[in-house]
Amino acid sequence: MQSSLLGKVRRKLSRKPHQSEPASCSNSACTTPEEPAAAAAAERRSSTSSQLQCLLFGKLSAELRLLIYAYALGDPIRPMHIIPFKRGSPEVAHSRCYDMQSPLPSWQHHCFGQTGYSMQHHSSPLRVNDNILSLLLTCRIIYTEALTTLYSTNIFDFKGSRCFLTWSSHLPSTHLSAVRHIRISTVFYAPMRNWSGFAANTFPPENLDYWQSLCTQLAQLADLATLRSLRVEIIVKTDMPQGQDRAKLLADGELLPIFEPLKRIRLVDFVVETNTNIAEAMGELLGDVRFQVVGRAKPYNEKSFSY
């Protein structure tokens, strides 16, 4: 009898629960033994800890944290170059300018890591000399608090209009409206009819359709009253003898499609720098304009860009 009872007990203990038996519930939602860890991980991902144990959040006010973010992420002197990664790609790279002493136009700075006609977009690893994204990736709270500071405390420098359009097309409007300082460096070849066969995604030279779109977007940013300063560097490259180029370009209407779209941009701190001395002719060419024209001749890297 005793051995029979022991056998029944062993069989009872070794029997697997029937599928109809209810699983244990830790709360109102029933979970299997494997689910609690996954549920806890999902809950952690869906919520943000206050992180008050961290001195940055527990001891410092939001105002002081913003000052720290501005110091770590921004630079009021050295621009941040935005560079298309490769032809046809929506990706862009960034590089803090380390060629500030260069007399060349900004788009010919070594920071872009490019020379020659076939390398107008970056196809090799770019020298990124900062850890600007590391702070933003620290945690969700810092990302949320500091992201706007990244855009508002840097001078964003673009090589041609297509670079800006590529960058802005993948940027949420809230981030784009946080940008305070923009620089555009570009080059037009004149007479333009001689360069009409260039592909639209080739730079240099500048593409007039992209240029029109760029000016439209900049005008919209200026109307938001968030953009504070704009610098546009325009090189007009021509084979005409120096001294005759301005009169010829004006007579042929070559400068009108370059400078007229800039009239749409209503901004107080707006400077256009060009190697063509047209400051005194600007009134005759465009009438009243809202930007300051500065004539400044710069050397041109003919060795790398000999066209």
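Out of all the residues in the stretch 80-97, is one or more acidic (Asp, Glu) and either at pLDDT below 90 or surrounded by 15 or more Cβ atoms within 10 Å (Cβ to Cβ) (or both)? Among the residues of the stretch 80-97, at least one is acidic (Asp, Glu) and either at pLDDT below 90 or surrounded by 15 or more Cβ atoms within 10 Å (Cβ to Cβ) (or both), which makes the answer yes. Filtering the stretch 275-307 to residues that are at pLDDT 85 or above, surrounded by 14 or more Cβ atoms within 10 Å (Cβ to Cβ) and of a type in the set (A, V, I, L, M) leaves only Val293.
Within the stretch 207-226, can you find the residues that are outside any helix (DSSP H, G or I) and either at pLDDT 95 or above or polar (S, T, N, Q) (or both)? Walk me through how you get there before you give the answer.
Within the stretch 207-226, the subset outside any helix (DSSP H, G or I) is 207, 224-226.
Residues satisfying the conditions are Asn207, Thr226.
For the criterion of being surrounded by 16 or more Cβ atoms within 10 Å (Cβ to Cβ) and modelled with pLDDT of 90 or more, Ser173 fails.
Whenever a residue of the stretch 133-162 is in a helix (DSSP H, G or I), its partners that are of a type in the set (D, E, K, R) and surrounded by 20 or more Cβ atoms within 10 Å (Cβ to Cβ), lying with C-beta atoms within less than 7 angstrom and at least six residues away or across chains, give the pairs Gly160/Glu206; Ser161/Glu206. Taking every residue in the stretch 173-200 that is farther than 25 Å from His109 by Cα and pairing it with any residue that is assigned to a strand (DSSP E or B) and at pLDDT below 85, at least 6 positions away or on another chain, the pairs with Cβ-Cβ distances below 8 Å are Pro191/Thr238.
Restricting attention to the stretch 99-132, the residues that are surrounded by 15 or more Cβ atoms within 10 Å (Cβ to Cβ), part of a loop (DSSP other than H, G, I, E, B) and at pLDDT 75 or above add up to 5.
Report yes if some residue within the stretch 238-259 is at pLDDT 80 or above and closer than 20 Å to Ile155 by Cβ; otherwise report no. No, there is no match, as no residue in the stretch 238-259 is at pLDDT 80 or above and closer than 20 Å to Ile155 by Cβ. Only one of the listed residues (Val232, Val272) is assigned to a strand (DSSP E or B), under 19 Å from Ser168 (Cα atoms), touching a strand residue (DSSP E or B) at 6+ places or on another chain (Cβ under 9 Å) and at pLDDT 80 or above. That residue is Val232. Restricting Ile155, Ile184 to those that are in contact with a Leu (Cβ under 9 Å, 6 or more places away or on another chain) and at pLDDT 95 or above reduces the list to Ile184.
The values are calculated or read from the model by the stated rules, or taken from the named source; none is laboratory data. A quick note: this is a predicted structure, and the numbers were derived from the prediction, not measured. Note that each Cβ is placed from the backbone with ideal geometry, even for glycine, and that neighbours are counted across all protein chains shown.
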